[in-house]
Amino acid sequence: MNTPKLRVRQIGAALVTGLILLLIISVLGFAAIRSNTAELRIANNLEAQNVAFQQAQAGLDYLVGHPELMPVLGTTGYTFCSSNLSHASTLCNGRWISCDETNLTLPSPMGSASALQVTRGGMGGGVPPRVFATSSKLFKTAYYEARSCYDASGAGDGKTDLMTGLMRIIRAD
């Protein structure tokens, strides 16, 4: 007759133990979901950063492939900008840039989030580097600083600002 009383106590203890295990498993599940959400945000931010870098690099590559976009005009500091920038000072990824001319046309895949700026650095007084195998009497060098800005942060693609130095070999007429 003592066995039924013992059974009643065991059923109550099993219920409490089951509820505690269910609570522990639920807390672990929520923690795993929260961790995965944070990792997903990190991965999306890295992807946006990579897209922005690639777009800005594409702008610089475009300038390198088209030296006719860097005419030898004006004096040192003369600035050419892409047509989507204004003549006045423009904010480009937190930096103010000014443009003397806005005549650089961007290829259509780059879109309106990209901006190019080319600043004339001056004429080289010496001979072109030996790797170009040119006559120093016939050619001289012109130096430029090129900046490529990309800002599509409103669309979730990130933003970046890249700069590089460019050299153009021109006739010494």
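For TYR78, nonlocal amide neighbours, meaning residues 5 or more places apart or on other chains whose placed amide H falls under 5 Å from its own, are ARG120. Taking label positions 7 Å along the Cα-Cβ direction at both ARG41 and ALA14, the computed distance is 4.4 nm, reported to one decimal.
Taking 0.36 nm per residue of separation and subtracting the current Cα-Cα distance, fully stretching the chain between GLN54 and ILE24 would add 6.3 nm.
Where a number appears in this text, it was derived from the coordinates with a stated rule and is not lab data. From a predicted model like this one, the values you see are computed outputs, not experimental measurements. Here Cβ is always computed from backbone atoms with ideal geometry, including for glycine, and neighbour counts include all displayed protein chains.
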